[in-house]
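Written below as structure tokens is the structure these notes are about.
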Amino acid sequence: SEAKRADIEAVILTAAKMARACGDKSALIDRVIGKVGKATVHWLDETRAMMLSTNNSDYSLRRPSRRLLGQGLYVCTLRTEALGGLAIGFDMSGSVSDDDAARIAAELQGVVDECTPEWVEVAYFDTKVARPTQRFERGEKLVLKPRGGGGTRFAPVFEHFCKVAEAEQVCGMIMFTDMESSDLMSLEEPPFPVIWGNIGRSDKCRIPFGTMVRIAL
């Protein structure tokens, strides 16, 4: 898949850069850095990777084995994290038509069907979050009903989902936006991964955290 290819290419690129830093000036290293450095990943693969990266089972000392604590042994236990829910920020300041919303919903549906988050919550926003948000439980079809319009502020959306994350597991967030906002670079990173789905005209936007991918509607 494109995601696995990108992972492999990232390892190759890292190795090539380390070789360059150690003094290797060969033409091979130039070719590797020049070719692999241009790799791209489709936004759906980025989303799958983001969601699945939070669904890990591993050994942890956060909750040691109670059975062995009485014997003075501090032993790690298997920790399993639920996938949780997927947060969606939907910027309504741009020119997003009903057809565009339907296409976004159809593509999101493919990710949701494959990765099965516990829920999907969509927050439509301009300078504030429109109430109520839309919540879809596992198995429900996504039917997006955009509302709002005006300026753009990202902070209220992140504040909303950070509050959600205090009570529920959030596996990640996708922000569909034209990237035009005055508060973008002043945002604080949330406790979950973020994908910026750029549906605007510019590809040369800076982001304070997360991954930005281009989405052509």
For the pair LYS25 and GLU189, how long in nm is the line joining their label points, each one 7 Å along Cα→Cβ? 3.6
So how much slack lies between CYS162 and ILE8, counting 0.36 nm per residue of separation and subtracting their Cα-Cα distance, in nm? 52.2 nm
With label points set 7 Å from each Cα along the Cα-to-Cβ direction at ARG201 and ALA216, the distance between them in nm comes to 1.7
Tell me the relative contact order for region 149-217 as a rounded percent, counting alpha carbon contacts under 8 Å between residues six or more apart. 31
Beta carbons within 10 angstrom, averaged per residue: use that to sort the peptides 156-167, 202-213, 171-182, 117-128, highest first. 171-182, 117-128, 156-167, 202-213
Per residue, how much accessible area does region 102-198 show when a 1.4 Å probe rolls over the protein heavy atoms, in square angstrom? 47
With all protein chains present, how much of the accessible area of region 125-217 (probe radius 1.4 Å) comes from carbon and sulfur, to the nearest whole percent? 47
For GLU118 and VAL143, what is the calculated FRET efficiency with R₀ set at 22 Å and r taken between the beta-carbons, to the nearest 0.05? 0.75
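The values are calculated or read from the model by the stated rules, or taken from the named source; none is laboratory data. As the structure is a computational prediction, the values presented were derived from the model and not from experiment. Note that each Cβ is placed from the backbone with ideal geometry, even for glycine, and that neighbours are counted across all protein chains shown. Accessible surface is based on the protein model in full, side chains and every heavy atom, while ligands, DNA and RNA are left aside. Shrake-Rupley method; radii C 1.70, N 1.55, O 1.52, S 1.80 Å.
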